[in-house]
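The values are calculated or read from the model by the stated rules, or taken from the named source; none is laboratory data. It should be emphasised that the depicted structure is a prediction, and the values quoted were computed from it without experimental measurement. Neighbour counts run over all protein chains shown; Cβ positions are idealised from the backbone, glycine included.
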Amino acid sequence: MLNKNNKGLIIVLDGLGDRPIAEFNGLTPLEKAQTPFFDQLASQGMSAMVSPLTPGIPVGTHIGMAVLMGLAPKDIAHLARGPVEAAGIDISAQQGDVILRCNFAHIEADQNRFKVLDRRAGRINQHTNTLAEALNSIKLPHGIKAHFQAATQHRAVLHLQGKNLSADISDTDCSRMIPADVQPCRPLTEDDAAIQTAEAINDFSHQAHQILLQHPVNKQRIKQGKVPANGILCRSPGQVNSVHNLLNYYKVKTAVISAEATVIGLGKLFGFTTINQPEFTALADTDLNAKVEQALQALQTHDLVYLHIKGTDICSHDHQPLHKSQFIEKIDHALSKIDISDKIIAVTADHSTDTTTGLHSGDPVPSICSSPYGRRDKVTCYSEQNCMDGGLGRLSSNAFLLTILDQMGMLHNFKKEDAPYIAPLHI
Ligand SMILES: [Zn+2]
């Protein structure tokens, strides 16, 4: 029977959707994996292919997760990743501050330019707090104050405070085409604020390189045969804005379990309970049992729980299809202790990632909405191919979330006030 307020669990496997892998005879990592638990969920519900935003557009985790976590589609354009990442590591920004997402990188001076040799400094994951601390002595022009803080692995956040700042500036990150040069930060408008913010970023980048070059942590890394984290790349500048959220609008009490600063940051921005623990690594070696345990506990006190697992996306970025497929099997096994007879359980992803290229793709993601009380389609196995035949067809992730909330009994009859929270039908 459909009760009001069924509990909901949304399992998000980051970058799960994939494309055929040659060494798997054209199967994807999910199609190759044995997943009895997911198959049971597929059998007890409806499957779909879900587009994170709109069909064909690749998105990053912050957009894919934000919409899945109830961000009103009209607010997507205002959501920059910098402020999200900052919220995740408890940086409290004020209106007007500019926040950028950064990477520790390995760079090399080449006359007047800087060449990027490794955008992630060998995925550095130790002593980044010490390196970040050393950059907090940097003084900038125009009375701008810089605060630099390490986040997950090679990631960090640069928080600028001052009177006249603007987020209309370009990235210094060269994106994924390596080797490439560190790009100078350019103002994107003729506005004074944009000009002086860009100058401050360039000044910060140069000073940071000088400090990191001499830093004992990097000297030690070179001795150990590792690449030094001697450069900072900046991207996704943003200013703090308030955003509208569908789950808050429908008064759904929500918790998010994740080790990824971006996802925790979104949870904090939206006012959800956020759960992260040191044994959650955001890699394929994360403690899956502890995560599942936390999800079950959170379900006692929340209507809806997101269980986000990052390792699948990392395997794809690292071109490791077998590792991804095996990790999917491990996840399936860890989840198998969950009772599926008394709650709504969805399985989905924030976006697809093509393990062959290592890049996010615009492909829709295979998804299941399992409900002991809902309709069932003929899909009995969780995979890209099977979900294409799913009874829910093609949905946007906003519509997928509404479908889950409807199964939970959380929605009321449509009123015109609901419209801003709902994406127009475009599929
Ligand atoms: Zn990714």
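Condition check: of a type in the set (D, E, K, R), in a strand (DSSP E or B), farther than 25 Å from L13 by Cβ and more than 16 Å from the ligand (Cβ to nearest atom). Does K115 satisfy that?
yes
Look at Q153 and say whether it is polar (S, T, N, Q) and either touching a strand residue (DSSP E or B) at 6+ places or on another chain (Cβ under 6 Å) or free of Cβ contacts under 8 Å to residues at least 24 places away in the same chain (or both). First the steps, then the outcome.
Values: polar (S, T, N, Q): yes; either touching a strand residue (DSSP E or B) at 6+ places or on another chain (Cβ under 6 Å) or free of Cβ contacts under 8 Å to residues at least 24 places away in the same chain (or both): no.
Here the answer is no, as Q153 does not meet what is asked.
Hey, T273 hits all of (1) surrounded by fewer than 17 Cβ atoms within 10 Å (Cβ to Cβ); (2) modelled with pLDDT under 90; (3) in contact with a Ser or Thr (Cβ under 8 Å, 6 or more places away or on another chain) but one; which does it fall short on?
(2)
Which residue is modelled with the highest pLDDT, if the candidates are limited to region 163-190 and must be within 19 Å of Q95 (Cβ to Cβ) and charged (D, E, K, R)? So that I can check it myself, show each step before the final result.
Our first condition is that a residue be within 19 Å of Q95 (Cβ to Cβ); within region 163-190, this holds for 163-169.
In the following step, the residues that additionally are charged (D, E, K, R) were identified as 163, 168.
Details: K163: 90, D168: 93.
Among those residues, the one meeting the criterion is D168.
From (1) crowded, with 20+ Cβ neighbours inside 10 Å; (2) in the same structural domain as S92 (by TED's automatic domain parsing); (3) assigned to a loop (DSSP other than H, G, I, E, B), pick out the condition that doesn't hold for V157.
Unmet condition: (3).
Of all residues in region 276-302 being farther than 20 Å from I328 by Cα and modelled with pLDDT of 95 or more, which is surrounded by the fewest Cβ atoms within 10 Å (Cβ to Cβ)? Talk me through it step by step, then tell me what you get.
Of region 276-302, the ones farther than 20 Å from I328 by Cα are 276-278, 297-302.
Filter again for modelled with pLDDT of 95 or more, leaving 297-302.
On the way: Q297: 14, A298: 22, L299: 19, Q300: 8, T301: 10, H302: 20.
So the residue we want is Q300.
Looking at A193, A198 in this structure, which one is buried (at least 18 other Cβ atoms within 10 Å of the Cβ) and more than 28 Å from the chain's Cα centre (by Cα)? It would help to see each step written out before you state the result.
Working: A198 fails: more than 28 Å from the chain's Cα centre (by Cα).
Every option except A193 fails the conditions.
May I ask you to list the residues in region 218-235 that are surrounded by 17 or more Cβ atoms within 10 Å (Cβ to Cβ) and part of a helix (DSSP H, G or I)? Give the derivation first.
The first filter runs over region 218-235 and keeps only residues surrounded by 17 or more Cβ atoms within 10 Å (Cβ to Cβ), leaving 218, 221, 227-235.
Across region 218-235, the qualifying residues are N218, R221.
Could you please find all residues in region 82-112 being in a loop (DSSP other than H, G, I, E, B) and not small (G, A, S)? Lay out the reasoning, then the answer.
Applying the first criterion (in a loop (DSSP other than H, G, I, E, B)) to region 82-112 yields 89-97, 111-112.
Across region 82-112, the qualifying residues are I89, D90, I91, Q94, Q95, D97, Q111, N112.
Residues that are of a type outside the set (F, W, Y), within 16 Å of the ligand (Cβ to nearest atom) and either in contact (Cβ under 8 Å) with a residue 24 or more places away in the chain or assigned by TED's automatic domain parsing to the domain that holds C387 (or both): does region 37-52 have at least one? Walk me through how you get there before you give the answer.
Taking region 37-52 as the starting set, the residues that turn out to be of a type outside the set (F, W, Y) are 39-52.
Among the residues that remain, those that are also within 16 Å of the ligand (Cβ to nearest atom) are: 52.
Narrowing the set further to residues that are either in contact (Cβ under 8 Å) with a residue 24 or more places away in the chain or assigned by TED's automatic domain parsing to the domain that holds C387 (or both) leaves 52.
Yes; the residues of region 37-52 include at least one that is of a type outside the set (F, W, Y), within 16 Å of the ligand (Cβ to nearest atom) and either in contact (Cβ under 8 Å) with a residue 24 or more places away in the chain or assigned by TED's automatic domain parsing to the domain that holds C387 (or both).
For region 241-258, which positions are assigned to a loop (DSSP other than H, G, I, E, B) and surrounded by fewer than 24 Cβ atoms within 10 Å (Cβ to Cβ)? Lay out the reasoning, then the answer.
Filtering region 241-258 down to residues assigned to a loop (DSSP other than H, G, I, E, B) leaves 241-244, 250-253, 258.
Once the filter is applied, which keeps residues that are assigned to a loop (DSSP other than H, G, I, E, B) and surrounded by fewer than 24 Cβ atoms within 10 Å (Cβ to Cβ), region 241-258 yields N241, S242, V243, H244, Y250, K251, V252, K253.
Spot the failing condition for D318; the list is (1) out of contact with any His (no Cβ under 8 Å at 6 or more places or on another chain); (2) surrounded by fewer than 17 Cβ atoms within 10 Å (Cβ to Cβ); (3) closer than 30 Å to L411 by Cβ, and only one is missed.
Of everything listed in (1) out of contact with any His (no Cβ under 8 Å at 6 or more places or on another chain); (2) surrounded by fewer than 17 Cβ atoms within 10 Å (Cβ to Cβ); (3) closer than 30 Å to L411 by Cβ, D318 misses just condition (3).
Take Y373 and tell me if it is modelled with pLDDT under 95, part of a loop (DSSP other than H, G, I, E, B) and on the phi < 0 side of the Ramachandran plot.
For Y373, the condition - modelled with pLDDT under 95, part of a loop (DSSP other than H, G, I, E, B) and on the phi < 0 side of the Ramachandran plot - is met.
Scan (1) in the same structural domain as D168 (by TED's automatic domain parsing); (2) out of contact with any helix residue (DSSP H, G or I) (no Cβ under 6 Å at 6 or more places or on another chain); (3) closer than 30 Å to A399 by Cβ for the single condition R101 breaks and write down its number.
(2)
Can you confirm whether region 73-81 contains a residue that is of a type in the set (A, V, I, L, M, F, W, C), under 15 Å from D350 (Cα atoms), surrounded by fewer than 24 Cβ atoms within 10 Å (Cβ to Cβ) and more than 16 Å from the ligand (Cβ to nearest atom)? Show your work before the answer.
Start the filter on region 73-81 by keeping residues that are of a type in the set (A, V, I, L, M, F, W, C), which leaves 76-77, 79-80.
Narrowing further to those that are under 15 Å from D350 (Cα atoms): 76.
So of that shortlist, the ones also surrounded by fewer than 24 Cβ atoms within 10 Å (Cβ to Cβ) come out as 76.
Subset that is more than 16 Å from the ligand (Cβ to nearest atom): 76.
Yes, that holds for at least one residue.
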